[in-house]
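Q: My structure is below; once you've seen it, I'll send some questions.
The values are calculated or read from the model by the stated rules, or taken from the named source; none is laboratory data. Predicted model only: the values in this text are computed from it and were never measured. We place every Cβ from the backbone using ideal geometry, glycine too, and count neighbours over all the protein chains shown. Only protein heavy atoms, including side chains, enter the accessible area calculation; ligands, DNA and RNA are left aside. Shrake-Rupley method; radii C 1.70, N 1.55, O 1.52, S 1.80 Å.
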Amino acid sequence: MYTGLHNGWIVRFKEEKVMEPIITLGNSNYEYWDEELLGRPLGLRFDKSGTLYFTDAYNGLFKVNVTSKSLTTLYQSSQTIDGKRALILNDLDVSTTGDVYFSDSSTKFQLKDAIYEFLELAANGRILQYNAKTNTTTTLVNGIAFANGIQLSPNEDYLLISETFRKRILKHYLNGPKKGETETFLDNLPGSPDNIRSNGRGGYWIPLCIASPPTNKTTAALLGPYAYIRKIMGRTIYVTRSILQYLDYLVPLDYTKILIYNIAHMRTYINMESKFGMVIEVNGNGEIIRSLQAPDGFVSHISQVTEHGNNLYFGSPWNGYIAKLAL
């Protein structure tokens, strides 16, 4: 089992208990509030040969030989695509030909500033495609409100995309008569979808990183209709952060740096939400066939569900553990 950590490392678990470091792109001497210097690995996938591909929110798209630890850069975030930088590289999937489809959640804000992306609720996200033959990266789909989870279909004829802020799953056709078209695969979800993963039976597991309990609405649902309130909140956060940054310039303190980091980070937004855990299983037609819920919040803010053997594994960047559920 492999996962990315807040400190920038990708690690491997042996027998679910022993953690072995694999690789990091950053400098481990930095503190967590220097997130862009530590690196932040998010999406992880293996290809058919056992090579690990991953996206780093701040740095780009990479692949690594997990035995030799040799690293290859496929795309650097500093390179603009259609005149825009990829500022939050998120999830990915690898085709059998070696092409990589990966999400850029925002071309406007970095992960450490993601609260502004939430308050703006604009379609600043996109899906990128890395072509293994030409070693080039291009835009596949534009105009997505926080492009997130990515999953190729079993036949690789379409791509599923989590549009987190609009609480829906998109379906983009890669082949066939609808090639190049994008349509809604699943809509009106009771929360915000994150990484999509195959269940191995032609269907998919979709976690809701922010789930909406039946008794109350999420913050996004409450603030969504009120653009002027979101605008005021964004400006207030910006001004407050600017003041803190100036104070830290005058008198550098770790406490001030922590405040600067937290005030605009997505973790602040997540912590405002109810700890209501939910994942759904859908078939290939986008029909919900099962829903697993944790009303007590024991497992919440789930970003990925992986089915392996007779178990489900739940990961989250907001929890300090990986949970396991026997099926």
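Q: Give region 287-302 a look and list any residue that's within 9 Å of residue 275 (Cβ to Cβ) and either open to solvent by 50 Å² or more (accessible area, probe 1.4 Å) or among the small types (Gly, Ala, Ser) (or both), or say none.
A: 294, 296, 297, 298, 300, listed by residue number.
Q: Could I ask something else about it? So, in region 245-265, of the ones that are under 22 Å from residue 120 (Cα atoms) and assigned to a helix (DSSP H, G or I), which residue ends up most open to solvent (accessible area, probe 1.4 Å)?
A: Applying the filter and picking the extreme gives 259.
Q: Of everything in region 170-201, what is out of contact with any Pro (no Cβ under 6 Å at 6 or more places or on another chain), modelled with pLDDT of 95 or more and open to solvent by less than 40 Å² (accessible area, probe 1.4 Å)? Give them in sequence order.
A: Once the filter is applied, which keeps residues that are out of contact with any Pro (no Cβ under 6 Å at 6 or more places or on another chain), modelled with pLDDT of 95 or more and open to solvent by less than 40 Å² (accessible area, probe 1.4 Å), region 170-201 yields 170, 171, 172, 173, 174, 185, 186, 193, 195, 196, 197, 199.
So that you can scan it fast, the table gives a plain yes or no per residue for (1) of a type in the set (D, E, K, R); (2) more than 22 Å from residue 260 (Cα to Cα); (3) out of contact with any Leu (no Cβ under 9 Å at 6 or more places or on another chain):
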| site | (1), (2), (3) |
| --- | --- |
| 20 | yes, yes, yes |
| 26 | no, no, no |
| 36 | yes, no, no |
| 43 | no, yes, no |
| 62 | no, yes, no |
| 82 | yes, yes, yes |
| 86 | no, yes, no |
| 108 | yes, no, no |
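Q: Next question, about the same structure. Quick one: how many residues across region 153-169 are under 19 Å from the mean Cα position of the chain (by Cα) and either open to solvent by 10 Å² or more (accessible area, probe 1.4 Å) or within 25 Å of residue 275 (Cβ to Cβ) (or both)?
A: Count: 8.
Q: Something else about it: Can you find even one residue in region 106-123 that is in contact (Cβ under 8 Å) with a residue 60 or more places away in the chain and assigned to a strand (DSSP E or B)?
A: no
Q: On the basis of being open to solvent by less than 40 Å² (accessible area, probe 1.4 Å) and part of a strand (DSSP E or B), does residue 305 make the cut? Break it down stepwise before answering.
A: Working: open to solvent by less than 40 Å² (accessible area, probe 1.4 Å): yes; part of a strand (DSSP E or B): yes.
So residue 305 passes the test.
Q: Pick from region 110-141 the residues that are in contact with a Phe, Trp or Tyr (Cβ under 6 Å, 6 or more places away or on another chain) and at pLDDT below 95: which of them is farthest from residue 234 (Cα to Cα)?
A: Filtering first and then ranking leaves 121.
Q: Next question. What are the residues in region 7-49 that are open to solvent by less than 60 Å² (accessible area, probe 1.4 Å), assigned to a loop (DSSP other than H, G, I, E, B) and more than 15 Å from residue 62 (Cα to Cα), if any?
A: 33, 34
Q: Restricting attention to region 50-60, which residues are of a type outside the set (S, T, N, Q), outside any loop (DSSP other than H, G, I, E, B) and in contact with a Gly (Cβ under 7 Å, 6 or more places away or on another chain)? First the steps, then the outcome.
A: So in region 50-60, the residues of a type outside the set (S, T, N, Q) come out as 50, 52-54, 56-58, 60.
With the extra rule that they be outside any loop (DSSP other than H, G, I, E, B), the set shrinks to 52-54, 56, 60.
Result: 54, 56.
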